[in-house]
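Right, one structure below, let's go through it.
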Amino acid sequence: MNMATTDQELYPRKILDYMEGFLVSKTLFSACELGVFELLNESAMSASQLSECLSTSEDGTERLLSACVGLELLNAHTHPDGPVLYSNTEMSRVFLTKSSPKSLYHSIEYSSRTIYLCWHYLTDAVRDGKNQYEKAFGTNSKDLFEALYRSEEEMVKFMQLMNSIWNICGRDVITAFDLSPFRRICDLGGCSGALAKQCVSVYPESTVTIFDLPKVVQTSQQHFMPDQDPRISFCEGDFFKDALPPADLYILARILHDWTDQRSVELLIKIHQSCRAGGGVLLVEALLHEDNSGPLTAQLYSLNMLVQTEGRERKGSDYTRLLTDAGFSRVQIHNTGKIYDAVLACK
Ligand code: SAM
Ligand code: ASE
């Protein structure tokens, strides 16, 4: 037995890291929620100055800041005869401050306030094979999106979560295939419109209709699309019940992973019926490897789909089967190397 193996057995670093991984998440959540990164954007500060501005205990603040330095979320500058001054790292400035165009602040807030609470019931979710809204929030989850949107505030938080990732990896999924032949695009369950914006920026000749539930469309128009882009329009409806707008390409981004195979095929058949010959459907999802060996993010997201939805993350071949069952052909799969991948199929 070599030394490396012996060491691993004596010191189970991975297990210790995993056991306490939630301490890392909670440190990040608290620092964001208290507004640490926001405040440090103005200038470097000492623990005592920060605690004064945030109305927090000096000792607690000092420990939180110190942990953020350990996590490389903050820099600490020591001076021989003054207090330690803390400042944002470049990464914190770009991704953790609210006003940054690439901000993940609202995703972190949703993780902290909703996902973290759902994951308290992960064991129960695995046992029962279904989401745990009833236990976590006391809401009946017969209609999935009624549970997800259990209050106006919760719906806006979910929309902000959906919005933020496309500023970071939207371009990769939209450019995975040449979509320029598809002039009329319909983003089904298009939510806040973040992907639609990416679409018209990459394909300026195209127009995008965002189709979503009425209250989502109204919120999107009011809060997420203040500047009218003539190439982006909205349509209110229920994609399981109502007629779909005519289009050359239908986008389903993070839609099928919410639903069972049966409901997914039901929706894909509806799209196939509304689609013209030569038209297409673009799926945007976090694809699992064919042997289920990874990526870890997709494996963990699939567990999240278990605690939060009726669906799962799937492999490229699973989506190919759903698409062909609904009548689509010429399925192409593109892995982007980031969280979300793209699958294109044609009628
Ligand atoms: N496509 C967006 C994205 O990737 O950021 C949002 C994905 S989100 C997980 C699912 C979206 O589907 C939400 O915007 C939700 O309101 C919408 N949705 C759920 N059920 C729907 C239905 N029956 N009809 C229309 N939209 C629906
Ligand atoms: C959904 C996507 C998400 C439904 C619930 C959700 C996400 C979080 N909660 O369609 C985004 C992906 N992140 C994770 C942790 O799954």
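The values are calculated or read from the model by the stated rules, or taken from the named source; none is laboratory data. Small disclaimer: the values here were computed from a predicted structure and weren't measured. Quick reminder, even Gly has a Cβ in these numbers, built from the backbone with ideal geometry, and neighbours come from all protein chains shown. Just the protein is used for accessible areas: all its heavy atoms, side chains included, with ligands, DNA and RNA removed. Shrake-Rupley method; radii C 1.70, N 1.55, O 1.52, S 1.80 Å.
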> Ignoring ligands, DNA and RNA, what percent of the 1.4 Å accessible area of the range 41-114 is carbon and sulfur?
Replying inline: 51 percent
> Which value, in nm² and rounded to one decimal, describes the direction-averaged projected area of the C-alpha convex hull of the chain?
Replying inline: 21.9 nm²
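Okay, helix-only estimate at 222 nm for the chain: each DSSP H run of n ≥ 4 adds -39500 (n - 2.57), divide by all residues, round to 500 deg cm²/dmol; what do you get?
-13500 deg cm²/dmol
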>> Students often get this wrong: which residues of the range 291-314 have the backbone nitrogen under 14 Å from the point 7 angstrom along Cα-to-C-beta of PHE240?
In response: 309-311
> What accessible area per residue, rounded to a whole number of Å², is obtained for the chain using a probe radius of 1.4 Å?
Replying inline: 50 Å²
> On full extension of the chain, what length is gained from ARG127 through ASN75, given 0.36 nm per residue of separation minus the C-alpha to C-alpha distance?
Replying inline: 14.4 nm
> Which aspartates and glutamates have a Cα less than 13 Å from the Cα of LYS347, not counting those fewer than 8 places away in the same chain?
Replying inline: ASP248, ASP325
>> Given R₀ = 41 Å, what would the calculated FRET efficiency be for LYS26 paired with LYS315, taking r from the Cβ atoms and rounding to 0.05?
In response: 0.80
> Of LYS98/LYS338; LYS26/LYS197; LYS26/LYS130; LYS135/LYS270, which ones are farther than 30 Å apart at the Cα?
Replying inline: LYS26/LYS197; LYS135/LYS270
> What's the local net charge at LEU287, with K and R +1, D and E -1, over the other residues with C-beta under 10 Å away?
Replying inline: -3
